[in-house]
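Structure, as structure tokens:
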Amino acid sequence: MTITPSIPGTALAARRRVAVDQALTDIRGIANTQPFDRTVLARITARLEKLAQQTELFTRTDFPPPAATEGVGASTRYRLNPEDGDDDVALYLNSINPGKTSIPHNHTTWAAIVAVEGQEENRIYRRTDDGSDPAVARLELEREVTVQPGTPIAFLPDDLHSIHVIGDEPTLHFHLYGRPLETLSQRIGVNLETGAVVNYNATQLKPSKAVA
């Protein structure tokens with residue numbers, strides 16, 4: 001059995017900072033490719049997968065899940081590049097307890113989700129209405145993808161999905177966006193039963209924790 005030596009906390013944080021910065025530099029270069037399409041998005045996702053493979057840099061010790069007392073489906077979102085502010089790509093590490101679900105929503109920017117640990121079922125929807133009524137959207141389930149190590153997912157700005165954390169362990173998943181979630185004030189969420197459209201950030205989004 002091979003034993004991986006432990007890394008002191010300050011050295012680990014420094015290595016993590018370098019790895020994150022290098023990945024984001026590469027991703028910015030890819031994202032500048034025009035036209036921006038699913039092929040470009042796939043390249044971004046592949047680069048993020050390389051970062052996720054450095055599992056020793058992203059552990060539950062440094063990015064703990066919510067306490068069990070916070071309830072089923074509790075979540076914590078860590079911003080890994082807070083120094084880049086509101087006008088740049090934003091990388092988060094999400095730790096979510098099993099049982100978490102969301103209503104279907106879009107992002108209004110591109111997004112990539114890659115797993116370090118844990119399973120998150122993503123349900124992808126297509127709109128069946130013509131969008132003429134901004135207060136109502138009719139959705140049809142198109143496919144399901146369980147994001148887990150080796151199986152990522154990515155979205156263009158208008159794509160709609162919902163998340164459902166499954167399995168027995170909290171997730172540690174990278175969520176990467178073209179701009180910070182907190183700035184995406186025009187995102188929509190959809191009630192599947194009624195079709196009612198809500199402002200997703202205003203009704204669903206919790207604050208992130210910044211990680212220097």
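The values are calculated or read from the model by the stated rules, or taken from the named source; none is laboratory data. None of these values were measured; they are calculated from a predicted model. Backbone-built Cβ (ideal geometry, glycine too); neighbour counts: all protein chains shown. The protein model used for the area step is the full one, side chains on, heavy atoms only, and it has no ligands, DNA or RNA in it. Shrake-Rupley method; radii C 1.70, N 1.55, O 1.52, S 1.80 Å.
When you scan region 76-89, do you find a residue that is of a type in the set (A, V, I, L, M), part of a strand (DSSP E or B) and closer than 17 Å to Glu182 by Cα, even just one?
There is no residue in region 76-89 that is of a type in the set (A, V, I, L, M), part of a strand (DSSP E or B) and closer than 17 Å to Glu182 by Cα.
So is Tyr92 of a type in the set (Phe, Trp, Tyr) and open to solvent by 20 Å² or more (accessible area, probe 1.4 Å) or not?
No; evaluated as a whole, the condition is false for this residue.
Looking at Glu182, is it within 14 Å of the chain's Cα centre (by Cα) and open to solvent by 10 Å² or more (accessible area, probe 1.4 Å)?
Criteria met by Glu182.
So, in region 46-89, of the ones that are acidic (Asp, Glu) and more than 15 Å from the chain's Cα centre (by Cα), which residue ends up most open to solvent (accessible area, probe 1.4 Å)?
Going through the qualifying residues, I end up with Asp87.
How many residues are assigned to a loop (DSSP other than H, G, I, E, B), open to solvent by 80 Å² or more (accessible area, probe 1.4 Å) and within 18 Å of Asn199 (Cα to Cα) when one looks only at region 109-149?
3
Is it fair to say Asn106 is within 21 Å of Arg28 (Cα to Cα), of a type outside the set (A, V, I, L, M, F, W, C), modelled with pLDDT of 95 or more and buried (at least 18 other Cβ atoms within 10 Å of the Cβ)?
Considered against the rule, which asks whether it is within 21 Å of Arg28 (Cα to Cα), of a type outside the set (A, V, I, L, M, F, W, C), modelled with pLDDT of 95 or more and buried (at least 18 other Cβ atoms within 10 Å of the Cβ), Asn106 comes out as no.
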